[in-house]
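Read through the structure below, which is laid out as structure tokens, and then see the notes.
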Amino acid sequence: MLIEKVYFAVDMSQSIVLFGPPGAGKGTQADAIVEATGKPQVSTGDMLRAALAAGTSLGLEAKKYMEAGELVPDDVIIDLIEERMQQDDAGDGVLFDGFPRTITQAEALAKIAEVSLVISIDVPDNAIVERIVGRRMDPETGDIYHVTFKPAPAEISGRLIQRKDDNEEAVRTRLTAYHNQTSPLAIWYAEKGLLATVNGNQAMDDVGAEISAVLN
């Protein structure tokens with residue numbers, strides 16, 4: 001088991017950060033962590049969509065950048081998080097899914113939220129490429145299959161499609177960006193004694209078991 005021993009008492013009244021490369025299975029494990037801890041899952045995408053739908057001042061601010069095809073600045077994202085942390089269900093911390101992605105974001109987050117545990121799902125690049133490039137979607141149902149790990153029934157295999165960005169070149173570009181941003185972030189959290197790394201290159205249930213061991 002690829003777990004870096006965490007020599008501190010996890011304060012479950014504080015927030016947890018979950019990160020990993022694209023295709024690492026964060027969504028599945030995030031659902032399990034939410035169920036185990038009762039902490040609401042917080043992602044920047046969800047917050048942006050909620051703020052836009054509600055027409056809040058921050059939502060309108062973010063909309064200007066999004067309509068211009070620009071990234072929403074960190075300070076706007078942090079303000080959204082601070083606003084989210086004031087909601088009743090965040091009293092015992094939240095699960096940050098995919099945020100922060102950089103040390104600058106982590107430093108800003110530390111000023112508004114207490115993080116007691118950071119879980120990194122580690123998967124080799126070649127395994128990520130195999131997972132993503134092999135994905136196929138049923139355009140009629142939205143169901144996701146995989147040419148190796150989850151083949152579609154023969155009667156629907158002919159209508160499956162592959163997303164345009166699920167090709168090896170695009171995946172490796174995304175992985176390069178992930179490593180450039182996140183490797184320094186992992187070291188930053190490790191130096192603070194907050195990082196637990198789990199082996200994501202195994203069955204989903206086994207990954208969940210490692211995460212449960214960290215939480216417990």
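The values are calculated or read from the model by the stated rules, or taken from the named source; none is laboratory data. Values in this document were obtained by computation on a predicted structure and should not be read as measured data. Cβ atoms come from the backbone with ideal geometry, glycine included; neighbour counts cover every protein chain shown.
Structure data summary
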{"read-out": "Those residues of segment 38-67 which are part of a helix (DSSP H, G or I), under 22 Å from residue 19 (Cα atoms) and basic (Lys, Arg), in sequence order", "value": "49"}
{"read-out": "Failed item in (1) touching a Lys or Arg at 6+ places or on another chain (Cβ under 9 Å); (2) modelled with pLDDT of 95 or more; (3) more than 17 Å from residue 19 (Cβ to Cβ), with residue 125 passing the rest", "value": "(3)"}
{"read-out": "Pair list, Cβ under 7 Å, 6 or more apart: segment 73-102 residue farther than 15 Å from residue 58 by Cβ, other residue part of a helix (DSSP H, G or I) and at pLDDT below 90", "value": "99/44; 101/181; 101/182; 102/181"}
{"read-out": "Test result for residue 123, farther than 22 Å from residue 45 by Cα and touching a residue at least 24 places away in the same chain (Cβ under 8 Å)", "value": "yes"}
{"read-out": "Verdict on residue 70 being part of a helix (DSSP H, G or I) and surrounded by fewer than 19 Cβ atoms within 10 Å (Cβ to Cβ)", "value": "no"}
{"read-out": "Residue 31 vs. criteria at pLDDT 90 or above and in a helix (DSSP H, G or I)", "value": "yes"}
